[in-house]
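Below is one structure, written out as structure tokens; the observations come after it.
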Amino acid sequence: MDVSQGGKYTDINFSTWFILNAPIMLINVLIAFAYLTLIYFGAPDWLRCRKLSREEKEDEKQKTKKVTKFIIEKYEELGSMNFHEGAVAVLFVIIVLLWFTREPGFMPGWGEQIPYVEVGDSTAAIFVVFLLFAIPKDLSVFFGGELKYKFLSLDDFYRVCICFVDTITIIA
């Protein structure tokens, strides 16, 4: 019960959920980073119970170099980000902003500006899913290029939307 609201119950929205769970998420990320570093790079010297011999130190350096080289090779194989990947990243930022600004609590949000409609988190999700289907994979379409879509049938589109909304509903 929130005392600052005069004893009234306040709904949990994306912003309050994020504020409550961000510290837990950061702690878990740090623990996962420490664990993976320990597993793949080994324990640092100050954490070990015994001193390593010269051969063991050299072997450890070689393993570290191999892992670092492998990571750099895989990163370079990725190449640069294309338009489609950039569009998905931008749409992800848009949906997060829409979730944060729907009912921010300190000002009227965009969800309160639409009369006679109950706007939820799934509204933003459906909007972004629609944009994912509407934005072409390649920008050449806008400059006289050929449309290289494999069109989904309308039934497939509805199935994808329903699955996405069901997922968001289960999460929320």
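The values are calculated or read from the model by the stated rules, or taken from the named source; none is laboratory data. What you see is a predicted model; the values in this text were computed from it and never measured. FYI the Cβ positions are ideal-geometry reconstructions off the backbone, even for glycines, and counts take in every protein chain you see.
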SER4, sole failed condition from (1) of a type in the set (S, T, N, Q); (2) assigned to a helix (DSSP H, G or I); (3) surrounded by 10 or more Cβ atoms within 10 Å (Cβ to Cβ); (4) modelled with pLDDT under 90: (3)
Tabulated pairs, the stretch 75-87, first free of Cβ contacts under 8 Å to residues at least 60 places away in the same chain, second among the charged types (D, E, K, R) and not in a helix (DSSP H, G or I), C-beta under 7 angstrom, 6+ apart or interchain: PHE83/ASP138; HIS84/LYS137
Residue in the stretch 110-143 that is surrounded by the fewest Cβ atoms within 10 Å (Cβ to Cβ), counting only those that are acidic (Asp, Glu) and under 24 Å from the mean Cα position of the chain (by Cα): ASP138
Output for the stretch 144-167, where each listed residue is at pLDDT below 75, surrounded by 10 or more Cβ atoms within 10 Å (Cβ to Cβ) and either of a type in the set (Phe, Trp, Tyr) or under 18 Å from the mean Cα position of the chain (by Cα) (or both): TYR149, PHE157
Close pairs (6 angstrom Cβ cut-off, 6 or more residues apart or separate chains): outside the structural domain of ALA34 (by TED's automatic domain parsing) in the stretch 44-68, in a helix (DSSP H, G or I) anywhere: THR64/PHE41; VAL67/TYR40
